[in-house]
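Some notes on the structure that comes next.
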Amino acid sequence: MTDRGATAQRRMKLGLFFEGVGHHIAAWRDPRVDPHARQSLPHYIEIARTAERGKFDLLFTADTNATFGPDDVETWSRTLAASRLEPLTLLGALAAVTERIGLVATATTTYYEPYHVARFFASLDQISQGRTGWNLVTSLATAEAYQFSRDAHAAHADRYARAREFVQVVRGLWDSWEDDAVVADQAGGRYFDPAKLHLLHHKGEHFSVRGPLTAHRSPQGQPVIVHAGQSDDGRDLAARYAEVIFAVQQEKDSACAFYADIKARAARHGRSPDHVKIMPGVMTAVGRTRAEAEDKYDRLQALIHPVLGVKLLSSFIGMDVSGYPLDGPLPDLPPSNTEHGRQKVILDLARRENLTIRQLYMRVAGQRAHRTVVGTPSDIADAFEDWFTAGAADGFNILPLTFPDGLNDLVDLVIPELQRRGLFRSEYEGRTLREHLGLPRPANRWVKETAHAASSP
Ligand SMILES: Cc1cc2nc3c(=O)[nH]c(=O)nc-3n(C[C@H](O)[C@H](O)[C@H](O)COP(=O)(O)O)c2cc1C
């Protein structure tokens with residue numbers, strides 16, 4: 001347990017998880033929300049500027065190339081999940097209308113090639129002057145396979161084996177150009193110093209990539225790597241390569257255990273635990289009174305369609321439970337090929353509180369099993385401070401109930417309370433995402449070598 005004194009130096013890191021018109025699965029049905037804003041740039045510009053006004057560390061957008069199986073169209077027509085802009089295209093536009101806030105997008109290692117991903121994020125990092133992060137996922141939606149000439153989603157372990165090599169290639173490509181490679185010698189006719197552009201020549205089990213990358217070295221050295229896996233493979237990949245860890249945690253004790261485990265694994269990989277920021281997701285419903293907040297949340301909960309609730313629960317736990325009695329318990333589940341972490345959080349919740357399938361989907365469908373905090377600005381700040389000072393989190397990835405209202409409540413009511421308590425910044429410290437997060441600028445692997453080559457006889 002750390003006291004507020006010690007925490008004063010340590011400030012919370014806050015991510016805004018932006019998703020269409022709101023994170024609650026029924027947010028689009030709220031009469032104060034514009035359901036047509038799902039693919040509207042002005043809508044996202046407003047969100048980005050409001051989040052920057054709130055001094056958030058980063059904006060985060062999730063991604064999947066397919067949401068549902070061939071026979072689910074009717075059910076998914078009850079949500080906005082099937083409608084989604086490509087995240088890097090969207091963040092490219094938002095980079096032009098923001099100055100400080102970090103821009104984190106998701107890209108899958110299962111259905112992309114490392115050269116693509118390295119180039120997308122290095123380019124966005126140039127455009128945003130060092131504000132970019134890559135949320136590395138192995139893809140949770142089995143239906144994604146159908147978009148890429150495959151009949152089935154690769155096995156969980158195989159996806160992670162590919163991801164481990166994938167991230168090494170991406171980081172290698174990000175070091176193609178040394179910081180001062182470009183000489184732009186117009187008189188001498190040389191644009192870059194050939195000794196400072198490096199070919200990777202990677203040959204591995206999954207990839208053969210020569211390099212170099214076409215995008216120059218990022219102002220922050222390399223984009224920040226984010227990961228959200230909670231399985232053993234996921235935790236190990238996160239502890240070895242990720243600098244920000246998103247997580248699904250419902251309970252403080254298990255969140256503390258996850259936090260301690262990741263930090264210990266990072267140390268075993270020779271990394272400083274401070275260079276791994278753990279930010280569990282939390283859905284917020286804010287009201288000037290507790291009753292007002294509960295009313296906002298309950299009105300959306302009441303709009304969850306039972307068929308959709310069961311479908312969502314089934315996709316989170318990797319097993320179709322639509323054939324089981326709604327008012328009966330969750331059956332025993334085989335290990336999921338999609339998400340081990342989220343499946344375990346949901347199973348633990350069901351067993352801990354002895355919930356029926358109906359009670360369970362009402363607890364997890366609205367916010368995808370993330371923790372939910374409903375209350376006044378002071379209630380929300382208490383809930384954040386509790387986990388932050390208990391060693392359960394370095395910050396939070398926030399899922400507002402609706403946009404723009406849910407976000408405005410956070411920026412106008414909750415963040416001033418966190419600032420008043422000395423728990424969150426009142427001004428940005430730097431310009432790059434790494435500076436916001438207090439992460440080092442990674443050295444270029446070639447520079448050490450060339451310096452060493454130059455110094456040794
Ligand atoms: C906050 C958060 C955001 C995520 N975003 C995505 C996403 O955009 N796309 C995706 O395919 N998976 C996403 N995931 C799923 C994870 O990347 C990962 O696949 C999942 O947690 C399962 O990993 P595990 O089996 O190692 O626990 C997200 C998970 C969390 C907690």
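The values are calculated or read from the model by the stated rules, or taken from the named source; none is laboratory data. This structure is a prediction, so every number in the text was calculated from the model and none was measured. No Cβ is skipped: glycine too gets one built from the backbone with ideal geometry, and neighbour counts run over all protein chains shown. We work out accessible area using only protein heavy atoms, side chains counted, and drop any ligands, DNA or RNA first. Shrake-Rupley method; radii C 1.70, N 1.55, O 1.52, S 1.80 Å.
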### Query
If you take the residues in segment 196-240 that are among the aliphatic types (A, V, I, L, M) and away from the ligand (no atom under 16 Å from the Cβ), which one is most open to solvent (accessible area, probe 1.4 Å)?
LEU199
### Message
Considering only segment 243-261, I want to know if a residue exists there that is within 11 Å of the ligand (Cβ to nearest atom) and farther than 23 Å from LEU14 by Cβ.
### Response
no
### Task
Output yes when any residue across segment 130-144 is away from the ligand (no atom under 16 Å from the Cβ) and acidic (Asp, Glu), and no when none is.
no
### Query
Restricted to segment 151-193, and to residues that are part of a loop (DSSP other than H, G, I, E, B) and surrounded by 13 or more Cβ atoms within 10 Å (Cβ to Cβ), which residue is farthest from the ligand (Cβ to nearest atom)?
ASP193
### Summary
Scanning segment 75-84 residue by residue, the ones that are within 21 Å of PRO400 (Cα to Cα) and either away from the ligand (no atom under 13 Å from the Cβ) or surrounded by 21 or more Cβ atoms within 10 Å (Cβ to Cβ) (or both) total 5
### Message
I'm checking my understanding of the structure. Among residues of segment 90-124 that are of a type in the set (Ser, Thr, Tyr) and part of a strand (DSSP E or B), which one is surrounded by the fewest Cβ atoms within 10 Å (Cβ to Cβ)?
### Response
THR106
### Query
Does GLU243 meet the test of being in the same structural domain as ASP175 (by TED's automatic domain parsing), among the acidic types (Asp, Glu) and buried (at least 21 other Cβ atoms within 10 Å of the Cβ)?
yes
### Task
Inspect all residues belonging to segment 266-279 and state whether any of them is among the charged types (D, E, K, R), under 20 Å from GLU339 (Cα atoms) and within 16 Å of the ligand (Cβ to nearest atom).
no
### Query
Residues in segment 347-354: is at least one open to solvent by less than 20 Å² (accessible area, probe 1.4 Å) and within 24 Å of VAL374 (Cβ to Cβ)?
yes
#### Entry: ASN337, sole failed condition from (1) in contact with a Gly (Cβ under 9 Å, 6 or more places away or on another chain); (2) polar (S, T, N, Q); (3) open to solvent by less than 40 Å² (accessible area, probe 1.4 Å)
(3)
### Task
Starting from segment 98-121, take each residue that is without any contact (Cβ under 8 Å) to a residue 40 or more places away in the chain and list its partners that are surrounded by 19 or more Cβ atoms within 10 Å (Cβ to Cβ), counting only C-beta distances under 6 angstrom and pairs at least six apart or across chains.
PHE120/LEU88
### Query
Quick one: is SER123 of a type outside the set (D, E, K, R), in contact with a helix residue (DSSP H, G or I) (Cβ under 9 Å, 6 or more places away or on another chain) and in the same structural domain as TYR428 (by TED's automatic domain parsing)?
yes
#### Entry: Leading residue by the ranking (nearest to GLN419 (Cα to Cα)) among those in segment 337-366 that are in a loop (DSSP other than H, G, I, E, B) and in contact (Cβ under 8 Å) with a residue 40 or more places away in the chain
GLY366
### Residue selected from segment 1-21 under the condition open to solvent by 10 Å² or more (accessible area, probe 1.4 Å) and within 16 Å of the ligand (Cβ to nearest atom), by the criterion modelled with the lowest pLDDT
GLU19
### Query
Is it true that some residue in segment 51-74 is without any contact (Cβ under 8 Å) to a residue 60 or more places away in the chain, in contact with a Phe, Trp or Tyr (Cβ under 8 Å, 6 or more places away or on another chain) and more than 16 Å from the ligand (Cβ to nearest atom)?
no
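Conditions tested, residue by residue: (1) more than 21 Å from ILE101 (Cβ to Cβ); (2) touching a helix residue (DSSP H, G or I) at 6+ places or on another chain (Cβ under 6 Å).
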| site | (1), (2) |
| --- | --- |
| THR214 | yes, no |
| GLN230 | yes, yes |
| ARG265 | yes, yes |
| THR284 | no, yes |
### Task
Could you tell me whether segment 279-286 includes any residue that is over 18 Å from ALA369 (Cβ atoms), in contact (Cβ under 8 Å) with a residue 40 or more places away in the chain and buried (at least 20 other Cβ atoms within 10 Å of the Cβ)?
yes
